[in-house]
Each structure stands twice: as structure tokens, then as C-alpha cells.
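Worksheet: the structure to be examined is printed underneath.
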Amino acid sequence: MSSNNVSLSKAELAAAIGVTAGATAAAILLFQYFSKGSGVKPKVNLDLQKDNPKVVHAFDIEDLGDKAVYCRCWRSKKFPYCDGTHAKHNQETGDNVGPLIMKRKEA
């Protein structure tokens, strides 16, 4: 039995490593693209004030009363206030989002 000695020059070795690294990077990018469907991240806000470039609500702290409960799941029919819709969203998606509750400290 004869043994073949394989020897590569530094340039050949560098080229082989480059091709391998490039193919690996391309495979990773293709996997990430196809594993996420279209490659576009889903939107949080599905239908609230879509004609505005940014949905912003401001409240004066003095006008809040003793307690205010705000939506953070973007699914509330009373947005920006919470109506409990996050419970259904959490059950359907496995998410754990809940409301923002602001209340006045008791003196």
C-alpha cells in the first residue's frame, strides 16, 4: 500500500480556508433567511393609527387620578388603555406581556 503525501502551499491553504468560510457564512445566512419565512420581522402594532409615522400618547401626571393601566401588547380595543386583551395574546403566542400600571403612592 502506498501513502500519498498531500502538501498545500500557504496560498492554497489560505484559499481553501477562505472558500470554506465563505460557504459557511452563506449557508448560515440562507438558513436564517428561510427559517424566518420572508426574513422580515413581524410588526408589533398591527392596526392602531397606521396613518401616523409614530404612535405617541402623552399624559399629565396630575390627570392620572389614583391609578391608570396602559396597554403594552398593542392589541387593546381601548388603546392606549389596557382592556385585558394581552391574556388572549399570551395564550395564543406563549408571550408574557402585561400592562403598565401607574398608581399614586399612598401617603
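The values are calculated or read from the model by the stated rules, or taken from the named source; none is laboratory data. Keep in mind that this is a model prediction, so the values were computed, not measured. The area values use the complete protein model at the heavy-atom level, side chains included, leaving out ligands, DNA and RNA. Shrake-Rupley method; radii C 1.70, N 1.55, O 1.52, S 1.80 Å.
Here segment 65-107 is described by how far its Cα atoms reach on the three principal axes: 40, 18, 10 Å, from widest to narrowest.
Over the chain, dividing the summed -39,500 (n - 2.57) contributions of all DSSP H runs of at least 4 residues by the number of residues returns a 222 nm mean residue ellipticity of -10500 deg cm²/dmol. Lysine pair count for the chain with Cα-Cα distance under 21 Å and sequence separation of 8 or more or different chains is 17. What the Kirkwood sum gives for the chain is a hydrodynamic radius of 19.6 Å, with every pair of different alpha carbons counted.
Residue separation of A21 and N5 scaled by 0.36 nm, minus their Cα-Cα distance, works out to 3.3 nm of gained length. For the chain, the share of accessible area belonging to carbon and sulfur comes to 57 percent (1.4 Å probe, ligands and nucleic acids excluded).
Solvent exposure of the chain, expressed per residue, is 88 Å² of accessible area, with all protein chains present and a 1.4 angstrom probe.
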